[in-house]
Amino acid sequence: MSLTKHIELPNGVRYSQPLGLYINGEFVKSIEGKTFEVINPTDESVICSVYEATEKDVDIAVKAARDSFDGEWSTVTPAARGKLLNNLANLFEENRTLLSSVESLDNGKSLTYSALDVNGAASCLRYYGGWADKVHGKVIDTQPGTFNFTKLEPIGVCGQIIPWNFPLLMWAWKIGPAIATGNVVVLKSAEQTPLSALVAAELVSKAGFPKGVVNIISGFGKVAGAAISNHMGVDKVAFTGSTLVGRTILKAAANSNLKKVTLELGGKSPNIIFNDADLDKAIEWANMGIFFNHGQCCCAGSRIYVQEDIYETFVEKFKARISAIRLGDPFHDETYQGPQVSQLQFDRIMGYIEHGKKEGAIVLCGGKRYGSKGYFIEPTIFSNVKTDMKIMQEEIFGPVASIAKFKDVDDIVAIGNATSYGLAAAVHTNDLNTALNVSNRLKAGTCWVNCYNMLSTALPFGGFKESGVGRELGKAALANYTQVKTVQINMGGLG
Amino acid sequence: MSEQELPLFTELTAPNGVKWNQPLGLFINNEFVKSKPGETLSTVSPIDDKEITRVYAADSTDVDEAVKAARAAFENPEWSDLAPTDRGALLYKLADLVEKNLTVLSTLDTWDAGKPITVTKTEDCVESINTLRYYAGWADKVTGKTIDVGPSKLVYTLHQPIGVCGQIIPWNYPLMMAAWKLGPALATGNTVVLKSAEQSPLSALFLAQLVKEAGFPAGVVNIVSGFGKTAGAAIASHEGIDKVAFTGSTFTGRAVMKAASVNLKNITIETGGKSPLVIFDDADIEQAVKWAHIGIMSNSGQVCCATSRILAHESIYDEFIQKFIDYTTKTSVVGDPFDEDTSHGPQVSKLQFERVMEYVERGKAEGAKLLLGGTTPGTNLISPTVFADVEDHHTISQEEVFGPFVAITKFKTQEEAIKRANKSSYGLGAAVFTKDITRAHVVAAKIESGMVWINSSNDSHFAVPFGGVKQSGIGRECGEYALANYTNAKAVHLNLGTML
């Protein structure tokens, strides 16, 4: 199979899609020649095949990364690292149309939203570019006759495994802080969405990065992902995906070389609306909270709780709002919701919907497939739900919300926290004390007040409990990719 | 051409053939305007003492206008509601524009201030670009804190911009000093009224055009040419200015501090230095020679942190001096700054030239030994000048000469070196040459100085704080530290239930 394929996108954009593994600054075939198909979720057709990295390819990528880390990369100043990230950010923006079109083709999200993702990715790269020369250690005075300082050093070769729900954005979230702090990376894209990562890899070369600093491979979690998390030459692994796989990675890290691990996993986040909330705005946020990105958000507000006095009104208005959601071809202007990313995801979500019905929950709207081609699922709301139902405890990762009523603050705090997850939560109210009180007591990494899903590059994001380990975004992410070295110089004061 | 007829722009052609359209007005509210009373000043090239052009000079009424514009811009949501990342984007844009216009900007500082063209190209302009990019990156990373004092309240701090900042810059690094001042002030959301030095107003005015092109809203950056005694004094004493940042002589710094007291405006000051360079007996002499040369001959000695006093251990004193003289003779190329071979251009003005030459006479009269230089090979040019056997009480050991003029003395012990290095009203930079790690850190810790270089000199970096102790100044520029000069910490206590 060739290393490129000419593709014409539904919006007329024509480009050459790289198909190889991007290792040491160039695209190569996989050692064993393995490939896998990339499916367009909108019409279930095969877009192309890409080369699949197996253990041997991961070895080569890790070696390339290690060589650059020990070699040229170690001589590049922090400010120069920042400039490279800034260059890359500029290139993302210059190639916005191409990147977003590829993203919509591969992932199924509407062009409007993939363009926002590209902007977000560029902002993220630029943000971390700005941090590169601002990572400071300290000088700590303990006693006379000593000179003590700390340095925040890069960890080394970082394996990064990203999901398919925001391919380019996740790419930037991982690469930004790792590179800014002087590490090198081997990043594996999701097998459902490998294409935009490879187009972005071309931009890495264009931006001027030395060879081997950023390596991008396509592959499967069970093969390439496992190879990365088990690799003795990888110093750190960062993973975003399901809690189930997150556990596997943590175990692999423990079994191999105790590599450092950060995880961004699932969620079952409560979106809480008090009586005194601005109802119309809350409806919009509730809608956005669960149906944005077709429900494929780790922090989706999938459990909607409405205080009893406004419950009935809320439900009626919410149903009306849902019915206005436009499903369709991601390349059409009016489309809000495209297909779910794959057959597997589609089946899983439909499975949960059936299970919910079986458990006695009531379908208020949706609950079925949309159309006959493509992995489309109607926006779905369940009511009459109980906390211990499967659809209330497990992450569905689709356009499926459950809605229930609550009494008061103590009631909702207990319900909100009745989950093994703790990624996000939201409170809608006009009372400052309620907002602060409830967000204080909810065990969630991000608490939104009067909004939802509003992520920002500068704000740390991550989970309590089984939603993850560590924080991404903001200054906080730098800690994932640095290790503290303490240097203590005896100047006659000791011994 | 009478003062009334000075246009707002003029075509200039520099001796190196570079041509451009030079703004001459006061840059206020994103427009170039004439000064209200029509006052102008002449900017002369030190290369030939000939006038390059006149520019409009601000007086106190013009400063009033600039302050008004800056205040309006500070309160305008177009600037005040700009997301921090977007402020950073404007600074990135400005850096890119400086890079694009590097040829003109380096030509300007060479022509206007006499700095060698190779230096303005590779140092002044490059550092200006780096500094602007550095602060562009800080814009969205200036954060307050939340402070846990218990459940009774939510406590947080806001790091807010101070407001309208007056900035008075010197002539020794015209463009770069503008970048050092503008970077942190704009990154943190302030608005500015910047006055260039009367000796070197041109590059700041060219930069003003780039500020507008980058997209800064009108009034955020105002740049005026003018004299210290009029425009500078007006800025320092203006009741509508919330903060003044000054770089220049200690003498003027005192005047700025006094003037600033009228409304207790926040001040940061970078003034003079008489920085010591100490060479111990275990030093790498060759390296010490080379760095010492950079430390005093760079920019024809017109550097606030120049290591202009050398204290060499008695056992290597003669060797060092001989090697320093040989190296300087071989390395310094004194001449026309437009010549790419020139490493050492003229002093910035006839006045500065005369000041330095006076110190040559002083040194001789005081009994120090003139071993090299003290001569003038051309207009405003001063050969590298070396005085040895200088004693601490000599004026040439205590006073800032601000020329290519070094005073060398010998010492016996480490304690003596430290004591005598500290025998100065100044405390800006210091350099230590030794291979002994303990000695290096001990001396660095004990020297009264804002900056210490170990085994180098004047090796500054935009990410590292720059500034002095004692009479060398108040506050630090560069690095993260500069942000504190331009922000106020506001503490907010949100009562979560303490009812009386």
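The values are calculated or read from the model by the stated rules, or taken from the named source; none is laboratory data. Remember, it's a predicted structure, so these values are computed and weren't measured experimentally. So basically every Cβ, Gly included, is an ideal-geometry build from the backbone, and we count neighbours across all protein chains shown. Just so you know, the surface numbers come from the protein's heavy atoms only, side chains and all, with ligands and any DNA or RNA stripped out. Shrake-Rupley method; radii C 1.70, N 1.55, O 1.52, S 1.80 Å.
The condition of being away from chain A (no Cβ under 14 Å) and either at positive phi or open to solvent by less than 60 Å² (accessible area, probe 1.4 Å) (or both) holds for B:V104. The number of residues in the stretch B:237-273 that are of a type outside the set (S, T, N, Q) and assigned to a loop (DSSP other than H, G, I, E, B) comes to 10. When the stretch A:13-32 is filtered for residues that are at positive phi and open to solvent by less than 40 Å² (accessible area, probe 1.4 Å), only A:G25 remains. Can you tell me which residues in the stretch A:68-93 are charged (D, E, K, R), more than 21 Å from the chain's Cα centre (by Cα) and within 14 Å of chain B (Cβ to nearest Cβ)? Selection gives A:R81, A:K83.
Name every residue in the stretch A:429-483 that is within 22 Å of A:V261 (Cβ to Cβ), hydroxyl-bearing (S, T, Y) and within 13 Å of chain B (Cβ to nearest Cβ), in order of residue number. None - no residue of the stretch A:429-483 is within 22 Å of A:V261 (Cβ to Cβ), hydroxyl-bearing (S, T, Y) and within 13 Å of chain B (Cβ to nearest Cβ), so the list stays empty. Only one of the listed residues (A:L84, A:L88) is open to solvent by less than 70 Å² (accessible area, probe 1.4 Å) and in contact with a Leu (Cβ under 7 Å, 6 or more places away or on another chain). That residue is A:L88. If you go through the stretch A:92-109 one residue at a time, do you hit one that is basic (K, R), farther than 20 Å from A:I216 by Cα and open to solvent by less than 10 Å² (accessible area, probe 1.4 Å)? Yes: one or more hits. Those strands (runs of 3 or more DSSP E) of the stretch A:301-415 in which at least 1 residues are surrounded by fewer than 16 Cβ atoms within 10 Å (Cβ to Cβ), considering only elements entirely within it, cover A:362-365. Limited to the stretch B:177-211, what total is found for residues that are over 24 Å from B:S60 (Cα atoms) and surrounded by fewer than 24 Cβ atoms within 10 Å (Cβ to Cβ)? The number of residues fulfilling the criteria is 2. Residues of the stretch A:265-282 that are part of a helix (DSSP H, G or I) and touching a strand residue (DSSP E or B) at 6+ places or on another chain (Cβ under 9 Å): A:L279, A:K281, A:A282.
Elements of the type strands (runs of 3 or more DSSP E) sitting completely within the stretch B:1-109 and holding at least 1 residues that are among the acidic types (D, E) and in contact with a Gly (Cβ under 9 Å, 6 or more places away or on another chain): these cover B:31-33. Residues that are more than 10 Å from every other protein chain (Cβ to nearest Cβ) and touching a residue at least 40 places away in the same chain (Cβ under 8 Å) were ranked within the stretch B:130-146; the one that is nearest to B:N485 (Cα to Cα) is B:V142.
When A:F147 is tested against (1) open to solvent by 10 Å² or more (accessible area, probe 1.4 Å); (2) at pLDDT 95 or above; (3) aromatic (F, W, Y), just one condition goes unmet, and that condition is (2). The residue that is farthest from B:Q347 (Cα to Cα), among those in the stretch B:135-176 that are among the β-branched types (V, I, T) and surrounded by fewer than 24 Cβ atoms within 10 Å (Cβ to Cβ), is B:V149. Scanning the stretch B:333-349 for residues that are open to solvent by less than 10 Å² (accessible area, probe 1.4 Å) and within 19 Å of B:L108 (Cβ to Cβ) yields B:P337, B:T342, B:G345, B:P346, B:Q347, B:V348.
Count of the stretch B:419-468 residues, restricted to those that are more than 14 Å from chain A (Cβ to nearest Cβ), part of a helix (DSSP H, G or I) and open to solvent by less than 20 Å² (accessible area, probe 1.4 Å), is 1.
Against the conditions (1) closer than 12 Å to A:S402 by Cβ; (2) within 23 Å of the chain's Cα centre (by Cα), A:Y336 satisfies every one except (1).
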